[in-house]
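The values are calculated or read from the model by the stated rules, or taken from the named source; none is laboratory data. Nothing here was measured: the structure is a model prediction, and the numbers come from that model. Here the Cβ is made from the backbone with ideal geometry for all residues, glycine too, and neighbour counts use every protein chain on show. The area values use the complete protein model at the heavy-atom level, side chains included, leaving out ligands, DNA and RNA. Shrake-Rupley method; radii C 1.70, N 1.55, O 1.52, S 1.80 Å.
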Amino acid sequence: MAVVVADEGSLAQSVTVSGPNTIINMARSPNGRKFLLMLGAAAVIAVMAGIVLWGQKPEYRVLFSNFSDRDGGAIMTSLQAANVPYKFAEGGGAILVPADKVHEIRLKLAAEGLPKGGSVGFELMENQKLGVSQFLEQVNFQRALEGELARSIQSVGAVQAARIHLALPKASVFVRDQQKPTASVLLNLHPGRTLDQQQVSAIVHLVASSVPELSPKNVTIVDQSGNLLSENNKPAGTNTLDPSQLKYVQELQQNIAKRIESIITPIVGLNNIRAEATADVDFSTSEQAAEIYKPNQVPSSATVRSQQTSESSNGSGAAASGVPGALTNQPAPAATAPLTTPPPPAAAGTPGAPAATGATATAATPTQRDTTTNYEVDKTIRYVQQPMGGLKRLSVAVVVNHKRVVGKDGKVSIRPLTDIEKTQITDLVKEAMGYNKDRGDTLNVVNSPFAGNEKEEIVKPPIWERPEAIDMGLQAGKYLAIGLVLLILYFKVLKPLLNKLNPPPLLALSDESEGPVKTAQELEEEAKPMGIHPHSYQQNLEAAKDLARTDPKVVANIVKAWVGND
């Protein structure tokens, strides 16, 4: 029995394949099969590398969205200059970057002033062309002013975007034709954000102060839902609820309850007191004018305002005397001494005195005297303006828990407050709330045991329903699937291909009827006990050539066995 040791490489040199150079012919030849196996192994390795790279692909998140085309181009240029990978989403309305670089890139772009926003400011005036008309200059100035105001309003925390329309009338030399400018502001607020009345008023005054001769009453603010935020045009005297008034009442009530709880808590302990206050606040404004006259006072204590005195008399000298008739025209007779001296006459007006007669009586002179005195009249004029927001009445309710007492044995028991303790708490509450009996304030302090503060058990969702668990499971499943696919590709595809590329040498029998083909290792193990040493590669090659020349039938059988054995 002739034995020939050969391998695929040695016989491939003596066997030529005829026919077109196709994949079928290549698969039939040993070199072609090696090439195809190497190509398949390379393809499998490439697939495995692609799977690994796909598993390590970074997660992308939104960097900016809802930006203008100009800002989008500037952002793309900055990202390309920084070698930052990016991609678009939402139809080009958002730029995505790796999740671990979002905040860093935002800070860098903010340092460059990006995004600038859809509105333009006074930089629009920098690109003025020579020969621009006055109308175009005015339009550009108005656009720049609107853009600057929009940027200023967007700096408010709750405002996401703002748009302003200014109506600036043309100046006129006629006073009756002059018109005041007006402004309309459209605000786009962040989701879940609102503006209180003070913030709205601040925006109104910001716009009004930035435009000459613009009154705050002519500024209208509307949000993205069409709600009117500014109520400057509300007619005076309308009976509508003011949010600021309601907020003032709530803050007043909360402040009173907080003061009560803060002063009683050190006495009864934490969570052992509850206080609520109800304030009746008068927001009406009133003015009162009063003119009061006091009753007449005593003249001696009154103040003299003016005094006028007039006096008149009806006489020009001494009264007429003598005997009427002709005797009055005659000279007086000679004087004669009386025989007796008469008694002196009595004073006029005394009882028993004779009336003056003849020449001894003097006639009375008629006199009239008038005196007018004016005194000051007491008058009080009072103008009273009642302030808005006055507290009309205050009602407070306080509930105090029973007192905890620790016994000698360490057991804790509760007991109601004594009358003295309750009186002390009531007095403290009155001082804290500003109790006023004349105002009609009421206070009610109740001592009652509190119900058990049982915490509501929050039912946690199962671990497979939690977002963090779902995210972790997806990541773990992703890497597990990648590892499983790599193992399958290696053991089922790549390793068999590598084994076929480097198969062990075969030993062929001289006759196909003598038995199956044995490997060189099996023949070597059988030959060692008999003292047969295996030949070298060159000796085997020469023996195969001699066999092919002397007995081509054996060589044909060997090749046929190889082809039938893939």
Next on the checklist: Looking at the range 260-287 only, could you name the residues that are more than 26 Å from ILE414 (Cβ to Cβ) and among the charged types (D, E, K, R)?
Outcome noted: ASP280, ASP282, GLU287
Next on the checklist: Quick check on my filter: what residues within the range 431-444 are in a helix (DSSP H, G or I) and touching a strand residue (DSSP E or B) at 6+ places or on another chain (Cβ under 6 Å)?
Outcome noted: MET433
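May I ask you to verify whether LEU186 is open to solvent by 60 Å² or more (accessible area, probe 1.4 Å) and in contact with a Lys or Arg (Cβ under 6 Å, 6 or more places away or on another chain)?
Yes.
Every residue in the range 248-283 that is among the polar types (S, T, N, Q) and at positive phi, please. Step through it out loud before you land on a result.
Of the range 248-283, the ones among the polar types (S, T, N, Q) are 250, 253-255, 262, 265, 271-272, 278.
ASN271 - this is the single residue of the range 248-283 that is among the polar types (S, T, N, Q) and at positive phi.
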Checklist entry - How many of the residues making up the range 126-151 are among the polar types (S, T, N, Q) and farther than 20 Å from PRO181 by Cα? => result 3
Item to check | Hey, ALA46 surrounded by 15 or more Cβ atoms within 10 Å (Cβ to Cβ) and modelled with pLDDT of 70 or more or not | outcome: no
Next on the checklist: So ALA144 passes all but one of these: (1) surrounded by 12 or more Cβ atoms within 10 Å (Cβ to Cβ); (2) within 27 Å of VAL185 (Cβ to Cβ); (3) at pLDDT 75 or above; (4) touching a strand residue (DSSP E or B) at 6+ places or on another chain (Cβ under 8 Å). Which condition number does it fail?
Outcome noted: (4)
Next on the checklist: Just to be sure before I move on: is ARG70 modelled with pLDDT of 80 or more and open to solvent by 60 Å² or more (accessible area, probe 1.4 Å) in the structure I sent?
Outcome noted: no
Next on the checklist: Let me confirm something: among VAL445, VAL517, VAL493, which residue is at pLDDT 80 or above, surrounded by 13 or more Cβ atoms within 10 Å (Cβ to Cβ) and among the hydrophobic types (A, V, I, L, M, F, W, C)?
Outcome noted: VAL445
Checklist outcome for this item: Within the range 408-431, restricting to residues that are basic (Lys, Arg) and surrounded by 15 or more Cβ atoms within 10 Å (Cβ to Cβ), the one that is nearest to GLU276 (Cα to Cα) is LYS430
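Picking from VAL405, VAL396, which residue would you name as being under 19 Å from THR265 (Cβ atoms), in a strand (DSSP E or B) and either modelled with pLDDT of 90 or more or open to solvent by 80 Å² or more (accessible area, probe 1.4 Å) (or both)?
Numbers: VAL405 fails: either modelled with pLDDT of 90 or more or open to solvent by 80 Å² or more (accessible area, probe 1.4 Å) (or both).
Just one listed residue meets the conditions, VAL396.
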Checklist entry - Using beta carbons and a limit of 6 Å, which pairs, at least six apart or on different chains, have the first residue in the range 449-475 and farther than 23 Å from ILE414 by Cβ and the second one modelled with pLDDT under 80 and β-branched (Val, Ile, Thr)? => result ALA469/ILE463
Checklist entry - Based on what the data block shows, is LYS545 touching a helix residue (DSSP H, G or I) at 6+ places or on another chain (Cβ under 8 Å), at pLDDT 55 or above, closer than 25 Å to PHE35 by Cα and among the charged types (D, E, K, R)? => result no
Checklist outcome for this item: Residues in the range 73-92 that are at pLDDT below 85 and either open to solvent by less than 30 Å² (accessible area, probe 1.4 Å) or aromatic (Phe, Trp, Tyr) (or both) total 2
